[in-house]
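Please read the structure below before turning to the comments.
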Amino acid sequence: QVQLVESGGALVQPGESLRLSCAASGFTVHRSGMSWYRQPPGKEREVVATIAPSSRSTVYANSVKGRFTISRDNAENTVYLQMNSLKPEDSAVYYCYSTYWRAWGQGTQVTVSS
C-alpha cells in the first residue's frame, strides 16, 4: 500500500538549518508530483514546495523561496526538504504529499525558537 513517512523535525534556533525526509513505499516518487505542506498551530495547511514528476522542476511558496529546497532521491525513493535560515514563523507540522496518489504522511514537527 502507499505510505509516506516523514522524519527530521526538531527544535532549532532562528537562523539554523534542518533537512526533512519523506520516505515513500508502495509507489515510485519519480513518477509522482511530490509536495511539502505545513500547518502552523491554529492555521490552515499550506503548500511549501512542489517537485514535478520525472523532472527537477520545482515551485516554492513566496515565504520560503531562496531558503528552502525540495529534492528527490530516486534510488532511496525519498523526497527531502532542506530548510535554511529558519525563522520562528516556519514553526509548524510539516507533511509530505503525493499528488498522484493523494496520500499524506503523518507529519513531523518543526519548532524554531530561541
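The values are calculated or read from the model by the stated rules, or taken from the named source; none is laboratory data. These numbers come from a predicted model, not from an experiment. Because the Cβ atoms are built from the backbone with ideal geometry, glycine has one as well, and the counts that use them run over all protein chains shown. To get the accessible areas, we keep the full protein, side chains included, count just its heavy atoms, and leave off ligands, DNA and RNA. Shrake-Rupley method; radii C 1.70, N 1.55, O 1.52, S 1.80 Å.
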Quiz item: What number of residues in the stretch 101-114 are within 24 Å of residue 32 (Cα to Cα), open to solvent by less than 60 Å² (accessible area, probe 1.4 Å) and part of a strand (DSSP E or B)?
Solution: 2
Exercise. Give the stretch 6-17 a look and list any residue that's more than 11 Å from the chain's Cα centre (by Cα), within 19 Å of residue 49 (Cβ to Cβ) and of a type outside the set (D, E, K, R), or say none.
Key: 10, 12, 17
Self-check item: Residue list for the stretch 87-100, restricted to those being open to solvent by less than 60 Å² (accessible area, probe 1.4 Å) and within 26 Å of residue 28 (Cβ to Cβ)
Solution: 93, 94, 95, 96, 97, 98
Self-check item: Only listed residue being acidic (Asp, Glu), in contact (Cβ under 8 Å) with a residue 60 or more places away in the chain and out of contact with any His (no Cβ under 6 Å at 6 or more places or on another chain), chosen from 46, 16
Solution: 16
Self-check item: Residue list for the stretch 66-86, filter: surrounded by 13 or more Cβ atoms within 10 Å (Cβ to Cβ), out of contact with any Asp or Glu (no Cβ under 6 Å at 6 or more places or on another chain) and in a loop (DSSP other than H, G, I, E, B)
Solution: 67, 77, 84, 85
